[in-house]
Amino acid sequence: MIDKNYCMSHYLAFRYIKDENINFYEGLSHYVCNLFGNKEMYSVDTIDDIEKIIIKKIKDEYVPNKTAIFLSGGIDSAILASYLPEGTLAYTFRCVVPTDESNVKYVDETSQAKKYADKYKLKHEIIDMYWSDFENLTPEILKHDGVPFHSIEVQLVKALKYVKERGIEHVIFGECADSLFGGLNKILSKDWDIDEFQEFFNFTDPKKVLKNPVDVSNVYEQFRLPGNKIDFQKFFKEIYIPESSTSYLHALDMTKVSKIFPYSYMKLSKPLDLNRIRNGEPKYFLRELFKRRYPEIPVPDKIPMPRATEEWLKNYKPVRPEFIENCTEGLTGDQKWQIWCLEQFLNMHEPLNSVYNA
């Protein structure tokens, strides 16, 4: 089925298009992934259980001199790094932003990641990300994915290409930990009214950006509970997790690098303790394990993958007729990225001249 307006609205709201049967244009297709998938899962009830599975998966999948880790400043990848052999390559991303003084500043987490690498004698290396990478790689990724995508995919593709050129065939990621262990504490922060949750979760409101938006409320209605509430945990598993998984697996498929996701083999033996999360202990299991592995380093706050979209896109305004005039005013850099990426995709398949001549 072809429905451009549906696809634009769902991409803006959810950062991906879950329905694989609906596409922007004839001849295009896309696929959605879930890292948890249909594979053997191991129940965890304690940090000892988590540790055993990490050790097992690294032992099973680590190939000497061919395996690296993408190491952030957060706790998920830091824990995995602590079980790797000395000398393993650890790569951290850093966004480079030109300043008015013809110098640069960095949006990064490299100093924190270096503490982890130094602790366990890993070889730490920084991969710099520039706006030119986003401009240069976006067309290639759009062709591969068949849809516009999340901004982290550019960084993943650049980094995976970089390490592959250096002989790395397998990369370890800390992905899935947030989803499994309660890291997205804002979503889990309360029992949401369905209307309030929709306003909170929509990443970019299609009604404020598109001239012909499609209502996305039916996605939320699938999870409605009595009393105007929403089953946000089920929504989280069925809507949010595939979006995150798809970004990673698209990049891995595109670059033909093998993945190692130790957390994706785990499942909790009992439900998350929402009271602990709501009282300031997101990812309480992993926080405890981090303290065991790094007793001298304070547990850091959650750090998203660094992006310099605020600086890179501060003056961006779309020009295509699908968008409301000046729709980027007041939006965040990541929201502007979405619109920029969508505009590049539309230009690729429906050039401006043909639009204006129609």
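So, of the residues in region 128-177 that are outside any helix (DSSP H, G or I) and either in contact with a Cys (Cβ under 6 Å, 6 or more places away or on another chain) or among the polar types (S, T, N, Q) (or both), which turns out to be surrounded by the most Cβ atoms within 10 Å (Cβ to Cβ)? Spell out the reasoning first.
Of region 128-177, the ones outside any helix (DSSP H, G or I) are 128-130, 146-151, 166-176.
Imposing the further condition that a residue be either in contact with a Cys (Cβ under 6 Å, 6 or more places away or on another chain) or among the polar types (S, T, N, Q) (or both) reduces the set to 129, 148, 151.
Numbers: Met129: 24, Pro148: 29, Ser151: 21.
Among residues in region 128-177 that are outside any helix (DSSP H, G or I) and either in contact with a Cys (Cβ under 6 Å, 6 or more places away or on another chain) or among the polar types (S, T, N, Q) (or both), the one surrounded by the most Cβ atoms within 10 Å (Cβ to Cβ) is Pro148.
What are the residues in region 32-52 that are at pLDDT 90 or above and not β-branched (Val, Ile, Thr), if any?
If the condition is that a residue be at pLDDT 90 or above and not β-branched (Val, Ile, Thr), then Tyr42, Ser43, Asp45, Asp48, Asp49, Glu51, Lys52 are the ones that fit.
Residue by residue through region 1-44, note down the ones that are part of a loop (DSSP other than H, G, I, E, B) and in contact with a Pro (Cβ under 8 Å, 6 or more places away or on another chain). It would help to see each step written out before you state the result.
Looking only at region 1-44, we keep the residues that are part of a loop (DSSP other than H, G, I, E, B), and these are 1, 3, 15-22, 24-41.
Of everything in region 1-44, those that are part of a loop (DSSP other than H, G, I, E, B) and in contact with a Pro (Cβ under 8 Å, 6 or more places away or on another chain) turn out to be Tyr16, Lys18, Val32, Cys33, Asn34.
If you take the residues of region 2-28 that are among the polar types (S, T, N, Q) and more than 18 Å from His250 (Cα to Cα), which of them is surrounded by the most Cβ atoms within 10 Å (Cβ to Cβ)? Full working, then the answer.
Taking region 2-28 first, the residues among the polar types (S, T, N, Q) are 5, 9, 21, 23.
Adding the requirement that they be more than 18 Å from His250 (Cα to Cα) leaves 5, 9.
Working: Asn5: 15, Ser9: 24.
Per the stated criteria, the residue is Ser9.
Pairs please, first residue from region 242-255 and within 16 Å of Asp178 (Cβ to Cβ) and touching a residue at least 12 places away in the same chain (Cβ under 8 Å), second anywhere and in a helix (DSSP H, G or I) and among the hydrophobic types (A, V, I, L, M, F, W, C), Cβ atoms under 9 Å, 6+ apart in sequence or on different chains.
Glu243/Phe14; Ser244/Ile152; Ser247/Ile152; Ser247/Leu156; Tyr248/Ile152; Tyr248/Leu156
Looking only at region 184-197, decide whether some residue is surrounded by fewer than 21 Cβ atoms within 10 Å (Cβ to Cβ), touching an Asp or Glu at 6+ places or on another chain (Cβ under 6 Å) and not aromatic (Phe, Trp, Tyr).
Scanning region 184-197, I find at least one residue that is surrounded by fewer than 21 Cβ atoms within 10 Å (Cβ to Cβ), touching an Asp or Glu at 6+ places or on another chain (Cβ under 6 Å) and not aromatic (Phe, Trp, Tyr), so the answer is yes.
State which residue pairs qualify: first residue of a type in the set (A, V, I, L, M) and inside region 270-282, second residue assigned to a loop (DSSP other than H, G, I, E, B) in any location, beta carbons under 8 Å apart, and separation of 6 or more residues or different chains.
Sorted first by the residue in region 270-282, then by its partner, the pairs are Leu272/Gly182; Leu274/Gly182; Ile277/Gly182; Ile277/Asn185.
Of Asn218, Asn212, which residue is of a type in the set (S, T, N, Q) and free of Cβ contacts under 8 Å to residues at least 12 places away in the same chain?
Working: Asn212 fails: free of Cβ contacts under 8 Å to residues at least 12 places away in the same chain.
It is Asn218.
Find all pairs meeting these conditions: Cβ atoms under 8 angstrom apart; at least six residues apart or on different chains; first residue within region 145-161 and more than 16 Å from Glu343 (Cβ to Cβ); second residue part of a helix (DSSP H, G or I) and of a type in the set (Gly, Ala, Ser).
Final answer for the pair search is Ile152/Ser247; Glu153/Ser247; Glu153/Ala251; Leu156/Ser247; Leu156/Ala251; Val157/Ala251; Leu160/Ala251.
Within the bounds of region 4-15, is there any residue that is in contact with a Phe, Trp or Tyr (Cβ under 7 Å, 6 or more places away or on another chain) and farther than 30 Å from Arg94 by Cα?
Yes, region 4-15 has at least one match.
How many of the residues in region 178-213 are of a type in the set (Gly, Ala, Ser) and part of a loop (DSSP other than H, G, I, E, B)? Can you show your working first?
First, the residues of region 178-213 that are of a type in the set (Gly, Ala, Ser): 179, 182-183, 189.
Within this subset, residues satisfying the condition of being part of a loop (DSSP other than H, G, I, E, B) are 182-183.
Count: 2.
Taking only region 29-38 into account, find how many residues are closer than 18 Å to His349 by Cα and loosely packed, with under 14 Cβ neighbours inside 10 Å. Walk me through it before giving the result.
Our first condition is that a residue be closer than 18 Å to His349 by Cα; within region 29-38, this holds for 29-30.
Cutting the leftovers down to loosely packed, with under 14 Cβ neighbours inside 10 Å gives us 29.
So the answer is 1.
The values are calculated or read from the model by the stated rules, or taken from the named source; none is laboratory data. This structure is a prediction, so every number in the text was calculated from the model and none was measured. Note: ideal-geometry Cβ built from the backbone for every residue, glycine included; neighbour counts use all protein chains shown.
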